[in-house]
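Visitor: Supplied in structure tokens, the structure appears directly below.
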Amino acid sequence: MQVGFYGHVRQYHNIKAEIDANIAKVLESGEYVHGPMNKQFEKEFAAFSGTKYAIPCGNGTDAIWLTLMALGIGEGDEVITNANTFFATAEAIWIAGATAVLIDCDPQTKCIDPAKIEAAITRKTRAIIPVHLYGQCADMPAIKKIADKYKLWVIEDNAQAIDAAGDTFKIGELSDAVATSFIIQKNLGCFGDGGAIVTNNEQVNKVTRLLRAHGSPARNVHSFGFNSRLDDIQAGVLSAKLKHIHAWNDNRIKWAARYTAGLKSAKSFDLPYAKPGYRHVWHLYVIETKDASKRDAFLKFLNDNGVDAKTHYSIAIHQQAGYPWGKGARTVGSLTNAEKNSASCISLPMFPELTADEVDFVVAKCLEWDKKQ
Ligand SMILES: *Cc1c(COP(=O)(O)O)cnc(C)c1O
């Protein structure tokens, strides 16, 4: 058996009629950029998110820096986030002209550790970007409390956790804006690049809309801006898929539970932690080898034995030699948990269209490795 890491084509086949119909509708309309399908998806996505506004844009990275710029954050400002995230979180801060201040994660959830935030706050700090890593919400009530005390903006990086929720809070409720990515491998993915900002903040809504389209409030009128648009074919794909995202995430939850039940006897690696009461939507199911020096061999064993496992992310941001250090970023405190995660993580195949047989095959291969340790 061969178990892949993604189920994009299976997903397409499952709802082919709905996707094809929406794409045909766009093609027949002759309006391919910011046309009626874009408006339709914008409305649907705001309603889904429970926010006043949704602002589709080119990708998830743009969604973050467009929001930072709309809030006036840039040169000379600092933005706090965790060191163990996809590179784009820090990159977006740097693109906006600000400095990313990288701190450690919680050892269990891998999301930003709220207890480490205050030590990183300076006169220059303007915002916190919690990342809902792997599909699980960061501790937003604790983050919001600190943000209120120091009057900081909070922008949720929700590229990985569409339709997730906390125990007492929803995404978007305890922040100023939420940035999302729709690149194909995310839980809600289009057939290319895409992203969106959702917000209740009037300034974020008004200014990101201007910035994403050449700073143009009306034909031939321009101020400072960029080009970051979601095209209408992608909006049509997303509109079709949005109706299914909750059920698809329920499938991910089911497969995560099956992995956890099957793997709980393993001695050589730890299983991912799901906070009680949270809706964790399992963008990734990430195990950690207890002995970091065994990670690469375990990964190779899985890959050689029919399991397309990967790592997220084997180089933390502060370990990236190519990052613009100094102006671009600095670290605060020890980053032990982030470093342990980058050295020992392995992501098992996780997508809604997996089958029970495939999950059981992956479990069997992991246990086969574990027995030899
Ligand atoms: C994917 C991702 C992004 C960036 O999204 P793009 O659409 O690729 O620009 C940002 N942050 C996190 C945590 C991500 O996983």
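The values are calculated or read from the model by the stated rules, or taken from the named source; none is laboratory data. All values reported here derive from a predicted model rather than from experimental measurement. As a convention, Cβ positions derive from the backbone with ideal geometry for all residues, glycine included, and neighbour counts pool all protein chains shown. Heavy atoms of the whole protein, side chains included, go into the accessibility calculation; ligands, DNA and RNA do not. Shrake-Rupley method; radii C 1.70, N 1.55, O 1.52, S 1.80 Å.
Visitor: Tell me, what % of the accessible area of the stretch 137-209 is carbon and sulfur with a 1.4 angstrom probe? Mind showing how you got there, number by number?
Guide: Working: 1380 of 2660 Å².
Taking all protein chains in place, the stretch 137-209 shows 52 percent carbon and sulfur surface.
Visitor: Exceeding 27 Å between C-alpha atoms, which entries from my cross-link table qualify? They are 144/290; 116/264; 110/294; 116/275.
Guide: Values: 144/290 33 Å; 116/264 30 Å; 110/294 20 Å; 116/275 19 Å.
Cα-Cα > 27 Å for 144/290; 116/264; rest within.
Visitor: Per 20 Å bin from zero, what fraction in whole % of the C-alpha pairs of the chain is there, up to the bin with the longest pair?
Guide: Answer for the chain: a P(r) of 29, 57, 13, 0 percent.
Visitor: Given the convex hull over the Cα atoms of the stretch 39-96, what projected area results after averaging over all orientations, in nm²?
Guide: Convex hull of Cα atoms, orientation-averaged projection: 4.8 nm².
Visitor: Any idea of residue 230's accessible area? Nearest 10 Å², probe 1.4 Å.
Guide: Accessible surface of residue 230 is approximately 0 Å².
Visitor: Measure up 243/310; 39/186; 149/186; 151/206; 241/300; 310/340 against 24 Å on the Cα-Cα distance and list the ones that go over. Could you put the intermediate results ahead of the total?
Guide: On the way: 243/310 29 Å; 39/186 22 Å; 149/186 33 Å; 151/206 22 Å; 241/300 34 Å; 310/340 16 Å.
The answer is 243/310; 149/186; 241/300.
Visitor: Also, quick follow-up: Using only alpha carbon pairs under 8 Å that are at least six residues apart, calculate the relative contact order of the chain and give it in whole percent.
Guide: Details: 798 pairs, mean separation 89.4, N = 373.
Result for the chain is 24 percent.
Visitor: Considering the stretch 82-158, what Rg and Dmax in Å follow from its alpha-carbon atoms?
Guide: Over the stretch 82-158's Cα set, Rg and Dmax evaluate to 11.5, 32 Å.
Visitor: Under 5 Å between amide hydrogens, which residues at least 5 positions from residue 269 or on another chain qualify, with H placed 1.01 Å from N in the peptide plane?
Guide: 290
Visitor: Which Rg and Dmax, in Å, describe the Cα atoms of the stretch 1-128?
Guide: 19.6, 56
Visitor: From the Cα trace of the stretch 53-194, what convex hull volume per residue do you get, rounded to a whole Å³?
Guide: On the way: hull volume 14.2 nm³, N = 142.
Normalising the Cα hull of the stretch 53-194 by residue number yields 100 Å³.
Visitor: Right, next: Mind checking the dipole of the stretch 65-202: about its Cα centre, +1 per Lys or Arg Cβ, -1 per Asp or Glu Cβ, Debye to the nearest 20? Walk me through the intermediate numbers first.
Guide: Numbers: 11 positive and 18 negative charges, 42 e Å.
Charge dipole of the stretch 65-202: 200 debye, to the nearest 20.
Visitor: What FRET efficiency do you get for residue 39 and residue 216 if R0 is 22 Å and r is their Cβ-Cβ distance, rounded to the nearest 0.05?
Guide: Values: r = 17 Å, r/R0 = 0.77.
Calculated transfer efficiency: 0.85.
Visitor: Ok, one more. At 1.002 mPa s and 20 °C, plugging the Kirkwood radius over alpha-carbon pairs of the stretch 126-251 into Stokes-Einstein gives what diffusion coefficient in µm²/s?
Guide: Working: Rh = 15.9 Å.
The calculation lands on 135 µm²/s.
Visitor: Further question: Determine the calculated [θ] at 222 nm for the chain from helices alone, applying -39500 (n - 2.57) to every DSSP H run no shorter than 4 residues and normalising by the residue count; nearest 500 deg cm²/dmol. Present the calculation step by step, with values, prior to reporting the outcome.
Guide: Working: 12 runs with 140 residues, N = 373.
Value at 222 nm, helices only, nearest 500: -11500 deg cm²/dmol.
Visitor: Right, something else. Roughly what would the spin-label model give for residue 325 and residue 265, points 7 Å off Cα along C-beta, in nm?
Guide: Label at residue 325, label at residue 265, 4.7 nm between them.
Visitor: What is the set of long-range amide H partners of residue 231 at a cut-off below 5 Å, with H atoms built 1.01 Å from backbone N?
Guide: none
Visitor: Could you pull out every residue, at least 5 positions away or on a different chain, whose amide H is within less than 5 Å of the one on residue 166? Hs are placed 1.01 Å off N in the peptide plane, and Pro or chain starts have none.
Guide: For residue 166, the qualifying residues are 171, 279.
Visitor: Specify the inter-centroid distance of the stretch 214-254 and the stretch 316-373, based on alpha-carbon positions, in whole Å.
Guide: When both Cα centres are located, 29 Å separates them.
Visitor: Label-point separation (nm) for residue 123 and residue 5, each offset 7 Å from Cα along Cα-to-Cβ?
Guide: In this crude spin-label approximation the distance works out to 4.5 nm.
Visitor: Which percent of the Cα-Cα distances in the stretch 257-361 go past 17 Å?
Guide: Numbers: 3327 of 5460 pairs.
Pairs farther apart than 17 Å: 61 percent.
Visitor: Still on this model: What residue among 244, 214, 158 has its Cα farthest toward the positive end of the dipole of the stretch 132-264, where the charges are +1 on Lys, Arg and -1 on Asp, Glu, each on the Cβ?
Guide: 244
Visitor: How big is the Kirkwood radius of the stretch 180-337, worked out from every pair of different alpha carbons and given in Å to one decimal? Could the numbers behind the result be given before it?
Guide: Numbers: mean 1/r = 0.0501 Å⁻¹.
Mean inverse Cα-Cα distance, inverted, gives 20.0 Å.
Visitor: Averaged per residue, what accessible surface does the chain expose to a 1.4 Å probe, in Å²? Don't skip to the answer; put the middle values down first.
Guide: Numbers: 15310 Å² over 373 residues.
Spelled out: the 1.4 Å probe surface of the chain, per residue, equals 41 Å².
Visitor: Can you pull the accessible area of residue 330 for me, 1.4 Å probe, Å² to the nearest 10?
Guide: 80
Visitor: Run the 1.4 Å probe and let me know the accessible area of residue 210, rounded to the nearest 10 Å².
Guide: Spelled out: residue 210, probe radius 1.4 Å, area about 50 Å².
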